Amino acid sequence: MNLQGKRAAIVTLGCKVNQYETDAMYGMLKEAGVMMVDPKEAADIYIVNTCSVTNMAERKSRQMLHRAKKKNPDVVVVAVGCYAQVGKEELSKDTNIDLIIGNNKKKDLIHILEEHMGEKESAAESIEVIDIAHDQEYESLHVEQLKEHTRAYIKVQDGCNQFCSYCIIPYARGRVRSRKMEEVLEEITNLTKHGCQEFVITGIHVTSYGKDLGDVTLIDLLEEIAKIPEVKRIRLGSLEPGFITKDTLDRLSKMESFCPHFHLSLQSGCDSVLKRMNRKYTTQDIREKCKAIREHFQYPALTTDIIVGFPGETEEEFEETRKFLEEIDLYEMHVFKYSIRKGTKAADMKPQINDQIKAKRSNVLLEMSKQHQKEFETKQLGMVKEVLIEEKMHGKDHYYTGHTKEYIKVALYSEEPLENKIVKVKLRQILDDGYVLAEC
């Protein structure tokens, strides 16, 4: 069946890799003649790019899938992505879902839709999920053009070999697979022609890029991207601490387009908890990495993810984490309360921490993060920074918003149109809504 003239909506849950893959599917559907609509509008096809990183993410994925069928009983509801990969048995019993497409099968989306809508296959026959643990092929997806043209997420790597005790993602995404460098450079070059100036280089475990290729590493790829004249900014996704070496920092500091925003995937500030998590570093390693980054860049933004209430985390262990995070003084922390993820080693660890204790510990770190963020931004006041203007501020005439290279959110007044321009501004005042007010 030809999809020409059909209406489709896509909802994306989860990480930056999912966002990239949604952008790719969006382009595939448009090329097939499908009219893309807002998820709130009526559609013939409703796709949910699911997430499985936590039980809460899976629940939200199910809610989105059910919501589509309630709106329109005749809509073809499609579950794609990580939850479709690891939860296919559960999803196959759900009569609200017509198609289940796992990872490394999204490239076949159009063919699968045409077959299903043409032949009216049953849901049981409409499961497209491979054994991803044994698939060595990098899924070939491409983004030709974006709805928003200032910043693009570029997926360069898939899979993870780490097997942290709390994480289901190696089972959802398979082993490390890297994209060919020439394909990455071609895609970025094409997107610059459509106005993109900033590129966020991302992957499931992006610092593993090249390990399966043998002769290239992530820093090699970044140096080649930096040679493209129209690329004004290169930003990195979550980084494993092992990526931070003197050689890497020396090379990054020579790239004019590199944004000194390092999101280190820390998870805990206590060595005994890190060991139970099966993380491959110590707090001393992190301490040294932070010091090295600050020696190479004048005002780098260091951010992280932290899990509180990991199984067995004692008050003493949490206090170690709190003190360590106070010491290394990060710009921002994303704090997550541990949730049991079936199929992982941590799900069977004892004792599990009760929700009240998790919430209390989370609040302590969130308050610290808020204070550290304010201190970091206060130090920047009066400085001149380059800001990539992304959009007009909602509800305020002549105000624009954007980010500095350090990812500080900036609000700026201008009567001249500034969308997708890089402007030099002076940071003036910290506002209550998360922005720093600036002036040209």
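The values are calculated or read from the model by the stated rules, or taken from the named source; none is laboratory data. Bear in mind that the values here come from a model prediction, so they are computed numbers and not experimental data. Glycine gets a Cβ as well: all are built from the backbone with ideal geometry, and neighbour counts include every protein chain shown.
Counting only helices (runs of 4 or more DSSP H) wholly contained in the range 120-236, the ones carrying 3 or more residues that are touching a strand residue (DSSP E or B) at 6+ places or on another chain (Cβ under 9 Å) occupy 181-193, 218-226.
For residue 46, are the conditions met, namely being out of contact with any Pro (no Cβ under 7 Å at 6 or more places or on another chain), among the hydroxyl-bearing types (Ser, Thr, Tyr) and in a strand (DSSP E or B)? Yes: the conditions hold for residue 46. Consider the range 165-204 and keep the residues that are touching a residue at least 60 places away in the same chain (Cβ under 8 Å) and aliphatic (A, V, I, L, M). The one that is surrounded by the fewest Cβ atoms within 10 Å (Cβ to Cβ) is 200. Going through (1) at pLDDT 95 or above; (2) buried (at least 20 other Cβ atoms within 10 Å of the Cβ); (3) not hydrophobic (A, V, I, L, M, F, W, C) one by one, residue 341 falls short only on (1). What about residue 269, is it surrounded by 15 or more Cβ atoms within 10 Å (Cβ to Cβ), more than 22 Å from the chain's Cα centre (by Cα) and modelled with pLDDT of 95 or more? So residue 269 fits the description; yes. Which of (1) surrounded by fewer than 15 Cβ atoms within 10 Å (Cβ to Cβ); (2) touching a residue at least 24 places away in the same chain (Cβ under 8 Å); (3) touching a Gly at 6+ places or on another chain (Cβ under 9 Å) does residue 359 not meet, given it meets every other one? Result: residue 359 fails condition (2) only. Test residue 256 against the stated conditions and say whether it is buried (at least 16 other Cβ atoms within 10 Å of the Cβ), assigned by TED's automatic domain parsing to the domain that holds residue 191 and over 16 Å from residue 325 (Cα atoms). Against the criterion (buried (at least 16 other Cβ atoms within 10 Å of the Cβ), assigned by TED's automatic domain parsing to the domain that holds residue 191 and over 16 Å from residue 325 (Cα atoms)), residue 256 does not qualify.
Selection of the range 1-37 for residues being small (Gly, Ala, Ser), in contact (Cβ under 8 Å) with a residue 60 or more places away in the chain and not in a helix (DSSP H, G or I) yields 14, 32. Restricting attention to the range 191-210, the residues that are over 22 Å from residue 18 (Cβ atoms) and out of contact with any Leu (no Cβ under 8 Å at 6 or more places or on another chain) total 3. For the range 281-310, filtered to residues that are modelled with pLDDT of 95 or more and in a loop (DSSP other than H, G, I, E, B), the residue that is surrounded by the fewest Cβ atoms within 10 Å (Cβ to Cβ) is 282.
Right, residue 215: closer than 18 Å to residue 179 by Cα, surrounded by fewer than 20 Cβ atoms within 10 Å (Cβ to Cβ), without any contact (Cβ under 8 Å) to a residue 40 or more places away in the chain and touching a helix residue (DSSP H, G or I) at 6+ places or on another chain (Cβ under 8 Å) or not? Taking the combined requirement at face value, the residue does not satisfy it. Residue count for the range 78-102, restricted to those that are among the hydrophobic types (A, V, I, L, M, F, W, C) and in a helix (DSSP H, G or I): 4. Exactly one residue out of 53, 48 is within 27 Å of residue 152 (Cα to Cα), modelled with pLDDT under 95 and within 24 Å of the chain's Cα centre (by Cα), and it is 53. With respect to the conditions (1) crowded, with 18+ Cβ neighbours inside 10 Å; (2) under 30 Å from residue 294 (Cα atoms), residue 384 lacks only one, and its number is (1).
Restricting attention to the range 48-81, which residues are in contact with a strand residue (DSSP E or B) (Cβ under 6 Å, 6 or more places away or on another chain) and within 30 Å of residue 307 (Cα to Cα)?
Result: 48, 49, 50, 61, 64, 65, 79, 80, 81.
Considering only residues in the range 403-423 that are within 23 Å of residue 194 (Cα to Cα) and free of Cβ contacts under 8 Å to residues at least 60 places away in the same chain, the one that is surrounded by the fewest Cβ atoms within 10 Å (Cβ to Cβ) turns out to be 416.
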